[in-house]
Each structure stands twice: as structure tokens, then as C-alpha cells.
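Report on one structure; see the data block that follows.
Only the coordinates and a few stated rules stand behind these numbers; no lab work does. What you see is a predicted model, and the numbers here were worked out from it, not measured in a lab. Using ideal geometry, Cβ is built from the backbone for each residue, glycine included, and neighbour counts are taken over all protein chains shown.
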């Protein structure tokens with residue numbers, strides 16, 4: 001039988017060292033013990049109800065895990081999906097360096113606290129095929145990210161065309177997938193150097 005420390009480590013390992021207070025309780029750590037683990041330095045507080053095991057080094061992707069955990073619903077299930085410009089940057093399909101993290105959440109998403117300034121929330125239902133699961137967070141697939149940015153005047157056609165072309169060249173986007181997309185006509189025009 002696994003110890004509570006092993007359970008928490010295993011869970012945190014799947015989330016790049018991060019975990020929520022609810023997950024710690026489920027692993028056997030009562031809420032009353034959380035302050036103790038922070039004081040001893042074994043847990044680092046990363047946000048309200050969000051921790052990281054100190055022995056896990058911080059990673060570049062860790063911030064996305066943190067914000068995915070921030071987006072959890074009352075059942076503790078993360079709702080947010082990294083999307084738009086941030087998704088393209090994660091797939092290395094754009095030289096756009098967004099100053100904020102773009103995240104898509106369900107239309108009914110609610111938080112009792114203010115939305116952190118680091119996040120830009122987009123509200124939409126995402127199909128399972130539009131999302132890729134990574135270690136501790138989810139990200140919109142390249143075609144979905146490009147399609148979501150077609151109507152964004154802040155992103156140039158050149159950047160979107162570059163992302164679409166590179167996605168096709170690297171096999172991250174297929175022509176069949178593009179053809180079947182609801183915005184197929186606009187995507188085709190983008191490749192030809194036009195934007196509707």
C-alpha cells in the first residue's frame with residue numbers, strides 16, 4: 001500500500017510538481033497540515049489552494065499547469081485550455097511572444113475572485129479533437145489556434161500564414177483536417193495570402 005507521501009509525489013509528478021489543496025487532502029494530508037508543510041519548505045505555495053513540491057524544479061511549462069489548476073471547477077477538474085497566441089507559441093509555430101497567457105474556458109466558467117492580469121480568457125466550448133493533453137495541462141491544437149485568431153485584428157495575416165504553413169510542413173496540421181474545418185474557406189484564403 002502506498003504512503004500518502006508516495007501518492008502525493010506520484011500525482012505531483014504528473015503535473016510537473018504542482019497539486020491543489022484538494023488533491024493533497026485526497027492523498028491523505030488533512031487541511032490542518034498544509035501550513036506545516038509550507039513552513040518546513042517541502043511545499044511551495046504557488047497560488048490560492050495551489051502548491052508545488054519543493055524538490056521539483058520549476059519548469060517553463062509549469063506556469064501553464066498552475067493556471068490550469070487555477071481554472072478548476074468545484075469538483076476540482078481544470079476547465080481552462082491554453083489557446084490562441086499562447087498555443088501557437090507552445091507549438092513553436094509563431095514568433096509572437098504574447099505578454100499574457102491566453103486560455104479558453106467554457107461559456108459558463110465563473111470565479112469568485114478577480115481574473116489575474118496574466119490571463120486573457122476566451123469563452124468557448126472546445127471539441128475533444130481540438131485539444132492536446134500535455135503533462136498537467138491542455139493546449140488547443142494548432143489548427144484550432146489559427147482558426148480562433150482569424151478574426152483577431154491584433155494578429156497579422158503574415159503570422160497566421162507562417163503558423164499554418166509551418167504546421168502543415170511539420171505534420172501538426174493536415175490538409176484533410178483543414179478541408180473539414182468549419183472555417184476551411186477562410187483558412188484556404190489565408191494560405192493564398194488573403195484574409196477574409
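From the list 105, 77, 35, which residue is under 26 Å from residue 132 (Cβ atoms) and surrounded by fewer than 20 Cβ atoms within 10 Å (Cβ to Cβ)?
None of the other options fit; the residue is 77.
How many residues does the stretch 146-183 hold that are free of Cβ contacts under 8 Å to residues at least 12 places away in the same chain and in a helix (DSSP H, G or I)?
7
Which number in (1) touching a strand residue (DSSP E or B) at 6+ places or on another chain (Cβ under 9 Å); (2) surrounded by 20 or more Cβ atoms within 10 Å (Cβ to Cβ) marks the one condition that residue 94 misses?
Among (1) touching a strand residue (DSSP E or B) at 6+ places or on another chain (Cβ under 9 Å); (2) surrounded by 20 or more Cβ atoms within 10 Å (Cβ to Cβ), residue 94 violates only (1).
Just a yes or no: is a residue in the stretch 124-131 within 21 Å of residue 62 (Cβ to Cβ) and in a strand (DSSP E or B)?
Taking every residue of the stretch 124-131 in turn, at least one turns out to be within 21 Å of residue 62 (Cβ to Cβ) and in a strand (DSSP E or B).
Can we say residue 54 is free of Cβ contacts under 8 Å to residues at least 40 places away in the same chain and either surrounded by 13 or more Cβ atoms within 10 Å (Cβ to Cβ) or touching a strand residue (DSSP E or B) at 6+ places or on another chain (Cβ under 8 Å) (or both)? Please lay out each step first, then the result.
Values: free of Cβ contacts under 8 Å to residues at least 40 places away in the same chain: yes; either surrounded by 13 or more Cβ atoms within 10 Å (Cβ to Cβ) or touching a strand residue (DSSP E or B) at 6+ places or on another chain (Cβ under 8 Å) (or both): yes.
Yes, satisfied.
What are the pairs with Cβ atoms under 6 angstrom where one residue, in the stretch 23-43, is touching a residue at least 40 places away in the same chain (Cβ under 8 Å) and the other, located anywhere, is surrounded by 15 or more Cβ atoms within 10 Å (Cβ to Cβ)? Sequence gap at least six, or different chains.
Matching pairs, first to second residue: 23/11.
Of all residues in the stretch 131-145, which are touching a residue at least 24 places away in the same chain (Cβ under 8 Å) and touching a strand residue (DSSP E or B) at 6+ places or on another chain (Cβ under 7 Å)?
131, 136, 137, 138, 139, 140, 141
I'd like to verify a number: residues in the stretch 10-20 that are in contact with a strand residue (DSSP E or B) (Cβ under 7 Å, 6 or more places away or on another chain) and assigned to a helix (DSSP H, G or I), how many?
2
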